[in-house]
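Engineer: Can you keep this structure in mind? I'll have questions shortly.
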Amino acid sequence: MHGRALVAVALLGAVAVAGCEARPTPPEQVEMTWVEHALPAHPGAAGRTVLRDAVECGEGWWVAGAVFLDRPSETRDTRPALWFSPDREEWQPVPVDARTYWGRRAILNSVACSRDRIAVVGARSGGAHGNPRVTTFWLDDDTLVDVRAVFTQYGGVSATNVGPIAGGPAGWLITGNRTSGPGVWVTDDPREFVRVEAEPGLTDDGDLESLAQGAGWAGEEWVVVGAGARTGRHLDPDPLAWTSPDGLTWAPDEMPAADGAQDVHRVTLLDDGRLLAVGRSDDAYAAWVRDDDGWQDPVEFGRIADSWRGAPYVASLATTSAGVLASVSTGDHYELWHTGDGRAWQRVGVPLEPQTAGDHTMSVAAGGEVLVVADAGDGGHVWSGEPVSP
């Protein structure tokens, strides 16, 4: 049963924030109509559905997450879950055949598309030190299966973290960090990833400590974004980017910084071929646009909460038929923002703005149309959105 959660919701006006380049006057407000679509229960042990990410790929849309079991055992309280829809309206669960110990317990956090195929990254904290144990998944015919990997592939003594996965025309790239600095995992076949760490173009230089946050395909190359700080200035990081034609060899891509701490979290390719990156800038968010002349000065928008429930960050960034949409956590709650050019931003009214918490999120699906998934601790929600014609 479809629920009409919100009808003709206007994009709210942008709030001026000082500190970066002055923003142009926002364009005429855009209205959206939101319709909620129910997900059927995922077959298996009963529990609460949680959602983390979504993407358009192949012949439809995919939503990834997990089931938090109503009756957990001593060693298992979650299981991976995936759903598919050809039209964003009618959804069906995708069979999951996870055979590894951590794959059977994984929460599917990130999904990406390449050549009409999906690859998924999941994780579950556990083991002697409670660290996230990462598992990747691929679609074997119509069943999601996990990939067996050695412990050092994503963990080991040089591990720091594993982040989101991105897709491009030649394959997939997972962003993360190792003790040497940023690291990535790249492949043209989701059944096996190549780990790239201590690569000269990504390795910290001894004085600079950098952290990669996300990646995207920029038309002819991969781009990883993040931040770095010099020794003694760890509270004042600057934005950083790195580029690679193949995911194996990398080169720094200088980004302009403004006063204060800045950290870039997500990146997407605009319809006109320019690149857009979004992250934090002190007590606001910031957007950087890269054109033929390189990265332009950042433009700030929005506001970070004065007091945090959790760390503020950009949860997702997607180019859609309605423009670019970014979901962000203010540290207190999640918001959705819109831009047509990467410079002028407007807040979007949405049916749900979850409070920032460990099990809560809001994410925009990468794809042509608008799809938003959110989780406020009461089960996952899926909405399709459509711009309202003037």
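The values are calculated or read from the model by the stated rules, or taken from the named source; none is laboratory data. Keep in mind the model is a prediction, meaning the values are calculated, not measured. So basically every Cβ, Gly included, is an ideal-geometry build from the backbone, and we count neighbours across all protein chains shown. Surface accessibility is based on the protein's heavy atoms, side chains included, excluding ligands, DNA and RNA. Shrake-Rupley method; radii C 1.70, N 1.55, O 1.52, S 1.80 Å.
Engineer: Specify whether the C-alpha gyration tensor of segment 57-115 places it in the rounded, prolate or oblate class, a ≥ b ≥ c being the square roots of the eigenvalues: rounded for a/c under 1.5, otherwise prolate if a/b is larger than b/c and oblate if not.
Structural biologist: Working: a/c = 2.95, a/b = 1.90, b/c = 1.55.
Prolate is the answer for segment 57-115, as a/c is 1.5 or above and a/b outweighs b/c.
Engineer: Something else now. Which one, THR100, TRP61, SER85, is farthest towards the positive end of the dipole of segment 53-120 when Lys and Arg carry +1 and Asp and Glu -1 on their Cβ?
Structural biologist: About the Cα centre, the residue reaching furthest to the positive side is THR100.
Engineer: Using only alpha carbon pairs under 8 Å that are at least six residues apart, calculate the relative contact order of segment 145-253 and give it in whole percent.
Structural biologist: 19 percent
Engineer: How large is the accessible surface per residue of segment 230-278, computed with a 1.4 Å probe and reported in Å² as a whole number?
Structural biologist: Accessible surface, normalised per residue, equals 49 Å².
Engineer: Using a cut-off of under 19 Å, list every residue of segment 191-225 whose amide N is near the label point 7 Å from the Cα of ARG117 along the Cα-to-beta-carbon line.
Structural biologist: Correct set: 191-195, 217.
Engineer: Restricting things to Cα coordinates, could you compute the convex hull volume per residue of segment 97-193 in Å³?
Structural biologist: 85 Å³
Engineer: I'd like the accessible area for LEU270, computed on protein heavy atoms only with a 1.4 Å probe and all protein chains in place. Round to 10 Å², please.
Structural biologist: Ignoring ligands and nucleic acids, LEU270 comes out at about 10 Å².
Engineer: Continuing with this model, one more query. Using 7 Å Cα-to-Cβ label points, what is the ALA38/VAL388 separation (nm, one decimal)?
Structural biologist: According to this spin-label approximation, the distance is 2.7 nm.
Engineer: Next question, about the same structure. Can you say what percent of the DSSP beta bridges in the chain, counting only those with both residues inside, are antiparallel? Round to 5.
Structural biologist: 95 percent
Engineer: Between GLY206, GLY310, GLY367, find the one with the highest GNM mean-square fluctuation for the chain; connect C-alpha pairs within less than 10 Å.
Structural biologist: Residue with maximal mean-square fluctuation among GLY206, GLY310, GLY367: GLY206.
Engineer: Within a Cβ distance under 10 Å of ASP259, other residues only, what is the Lys/Arg minus Asp/Glu net charge?
Structural biologist: Working: positive: none; negative: ASP236, ASP282.
Once positives and negatives cancel, what remains is -2.
Engineer: Can I ask one more? Would you pull out the residues with amide H under 5 Å of ALA38's amide H, same chain only if 5 or more places away, H placed 1.01 Å from N?
Structural biologist: Here GLY3 satisfy the definition.
Engineer: Take the alpha-carbon centre of segment 31-95, take the same for segment 100-168, and report the distance between them in whole Å.
Structural biologist: 17 Å
Engineer: Measuring with a 1.4 Å probe in the full set of protein chains, what accessible area per residue, in whole Å², belongs to segment 317-367?
Structural biologist: Computed with neighbouring chains in place, this is 23 Å² per residue.
Engineer: Rolling a 1.4 angstrom probe over the protein heavy atoms, how many square angstrom per residue are accessible across segment 71-179?
Structural biologist: 47 Å²
Engineer: Here's something else I'd like to know. At q = 0.13, 0.14 Å⁻¹, work out log10 I(q)/I(0) for segment 241-346 with the Debye formula, treating every Cα as an identical point scatterer and leaving solvent out; two decimals please.
Structural biologist: Taking Cα atoms of segment 241-346 as identical point scatterers yields -0.47, -0.54.
Engineer: Follow-up question, since we're still on this one. How large is log10 of I(q)/I(0) for the chain at q = 0.07, 0.10, 0.11 Å⁻¹ when the intensity is taken from the Debye formula with one equal scatterer per alpha-carbon?
Structural biologist: -0.29, -0.61, -0.75
Engineer: Equivalent ellipsoid semi-axes for segment 286-376, as square roots of 5 times the alpha carbon gyration tensor eigenvalues: give them largest first, rounded to whole Å.
Structural biologist: That gives 23, 17, 10 Å for the three semi-axes.
Engineer: While we're looking at this one, here's another question. Can you work out the Karplus-derived ³J(HN,Hα) for every residue in segment 226-238? Use 6.51 cos²θ - 1.76 cosθ + 1.60 with θ = phi - 60°, whole Hz, and x for glycine or proline.
Structural biologist: x, 7, x, 9, 7, 3, x, 10, 5, 8, 10, x, 10
Engineer: Under 8 Å for C-alpha pairs, at least 6 residues apart: give me the relative contact order for segment 180-304, rounded to a whole percent.
Structural biologist: The normalised contact order for segment 180-304 reaches 17 percent.
Engineer: Follow-up question, since we're still on this one. Tell me, what is the FRET efficiency for VAL150 and GLU31 to the nearest 0.05, using R0 = 56 angstrom and their Cβ-Cβ distance as r?
Structural biologist: 0.65
Engineer: At 1.4 Å probe size, with the rest of the protein present, what percent of the exposed accessible area of the chain is carbon and sulfur atoms?
Structural biologist: Within the chain, the accessible surface is 48 percent carbon and sulfur.
Engineer: How much space per residue, in cubic angstrom, does the convex hull of the C-alpha atoms of segment 145-221 take up?
Structural biologist: Here the figure is 95 Å³ per residue.
Engineer: For segment 28-83, take N as its residue count and report Rg(C-alpha) divided by 2.2 N^0.38 Å.
Structural biologist: Cα Rg divided by the expected 2.2 N^0.38 Å: 1.50.
Engineer: Please find the FRET efficiency linking THR160 to ALA357, where r is the Cβ-Cβ separation and R0 is fixed at 25 Å, and quote it to the nearest 0.05.
Structural biologist: With a Förster radius of 25 Å, E is 0.60.
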